[in-house]
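The values are calculated or read from the model by the stated rules, or taken from the named source; none is laboratory data. The structure displayed is predicted, hence computed values, not measured ones. Neighbour counts run over all protein chains shown; Cβ positions are idealised from the backbone, glycine included.
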Amino acid sequence: MSKLFLNFFLLAVMIFILKGPFEWLVLNSVWSGSSSDCQMHTGACLAFVRDKMDLILWGTFPGDKRILLCGYFLSFFASLFFFFQSRRKIEVKFGVLLFSFVLESFFLWPVSISKWNGLLLVLYVFKGSYLVAFPLGLFLAVVRRYGKGFWRMGSIGLIEFVRGMPLIGLLFMASVMLPLFLPVGWEIPKIIRLFGAYILFVSATLAEIFRGGLEQVGKGQMDAANSLGLRWPTTLMKIILPQAVMPMMVPCVNVGITLFKDTALMGIVSMMDLTMTSKMALKDLDWGGYVTESYLFITLVYFFFCFLLSYLGNCLRKRAVIH
């Protein structure tokens, strides 16, 4: 009886809390019309999102070249599903991801990098950073676990330094401080500098994950390989890494989800990500003031991609357990 009463009490509390947002978002919302129509209602102005959706998603990307985005997203989603659903070796999967990234860059090449805004910039930085950070993190983990002398100390120093800094600090260093140390006349595009910051941060995180996988491989595996006369590179590639990397794939997916959410920090260093394109849309005097609706739409976009990555990662975990 007490459980039934508690359930009804919690249900009443949820209804009381969600009643206002539900009326604002669904019952009293305006789905079409102009700004004056929204001002006549007390609900959400979803007409603003409909009118400014292209600007929020793509920013200043040229309208006459939007057809290139079809090829980009086809390659992006096809490579993503291939990576998570295929039963091929991890080397083949990453080879396909790398090829797709080059193909996507080819699709976008006719458009100036300064026009890569909004969702396009978020996805491009996310995929490119992870593609480089994954093998770099694996390399750092192997050097830290099996390296000696200068190499091992250098790996430890780099990992601990990067892990001890917040990502926003690395982004500011790459965006503001790095150009101050470059020789006169040298200039590195800001997007390349941000790539470097994301790659360093994610690779340091992945290195610790891979180190945990490497430490799970028993010393008997190494002794068995030595007794068979296998060389160290062969032992590493054929025996150690397959046992260390595959169990760590699900935590690596979690790092990827975190990386995707962290791309929202690009707006702080003046890159035209989704938050900056939404601010651009809000500058329209006819539609000013609908900040909540704008950020709610961005939240749904981030939720969709994070949920997709989480779902695919869960499928990968189930297949690994069955295997």
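With respect to the stated conditions, Leu4 fails to be aliphatic (A, V, I, L, M) and within 30 Å of Thr263 (Cβ to Cβ).
Taking each residue of segment 134-160 that is within 24 Å of Met246 (Cα to Cα) and looking for partners that are not in a helix (DSSP H, G or I) with beta-carbon atoms closer than 7 Å, six or more apart or interchain, yields Ser155/Gly147.
Listed by first and then second residue, the pairs with beta-carbon distance under 7 Å, at least 6 apart or on different chains, first residue in segment 34-51 and more than 17 Å from Leu296 (Cβ to Cβ) and surrounded by 14 or more Cβ atoms within 10 Å (Cβ to Cβ), second at pLDDT 75 or above and acidic (Asp, Glu), are Ser35/Asp286. Here Ala204 fulfils each of the conditions (1) in contact with an Asp or Glu (Cβ under 9 Å, 6 or more places away or on another chain); (2) free of Cβ contacts under 8 Å to residues at least 40 places away in the same chain apart from (2).
Residues in segment 99-110: is at least one among the polar types (S, T, N, Q) and closer than 29 Å to Asn314 by Cβ? Yes, because at least one residue in segment 99-110 is among the polar types (S, T, N, Q) and closer than 29 Å to Asn314 by Cβ.
Could you please let me know if Leu230 is without any contact (Cβ under 8 Å) to a residue 12 or more places away in the chain, of a type in the set (A, V, I, L, M) and assigned to a loop (DSSP other than H, G, I, E, B)? For Leu230, the condition - without any contact (Cβ under 8 Å) to a residue 12 or more places away in the chain, of a type in the set (A, V, I, L, M) and assigned to a loop (DSSP other than H, G, I, E, B) - is met.
Taken together, the residues in segment 96-113 that are farther than 19 Å from Ile191 by Cβ and either aliphatic (A, V, I, L, M) or not in a helix (DSSP H, G or I) (or both) amount to 2. When segment 267-307 is filtered for residues that are of a type outside the set (A, V, I, L, M, F, W, C), within 17 Å of the chain's Cα centre (by Cα) and closer than 18 Å to Thr60 by Cβ, the ones remaining, listed by number, are Gly267, Asp273, Thr275.
When each of Leu178, Leu214, Leu158 is tested for being closer than 26 Å to Asp273 by Cβ and under 29 Å from the mean Cα position of the chain (by Cα), the lone residue that passes is Leu178. Conditions first: (1) part of a helix (DSSP H, G or I); (2) over 20 Å from the mean Cα position of the chain (by Cα). Val125 passes all but one, so which condition is the exception? Every listed condition holds for Val125 apart from (2).
Just the residues that are buried (at least 16 other Cβ atoms within 10 Å of the Cβ) and outside any helix (DSSP H, G or I), please, taken from segment 236-277. Within segment 236-277, Met271, Met272, Asp273 qualify.
Checked against (1) without any contact (Cβ under 8 Å) to a residue 60 or more places away in the chain; (2) of a type in the set (Gly, Ala, Ser); (3) farther than 27 Å from Pro21 by Cα, Gly289 passes all but condition (3). Just one residue in the set Lys19, Lys52 is touching a Leu at 6+ places or on another chain (Cβ under 9 Å), basic (Lys, Arg) and in a helix (DSSP H, G or I); that residue is Lys52.
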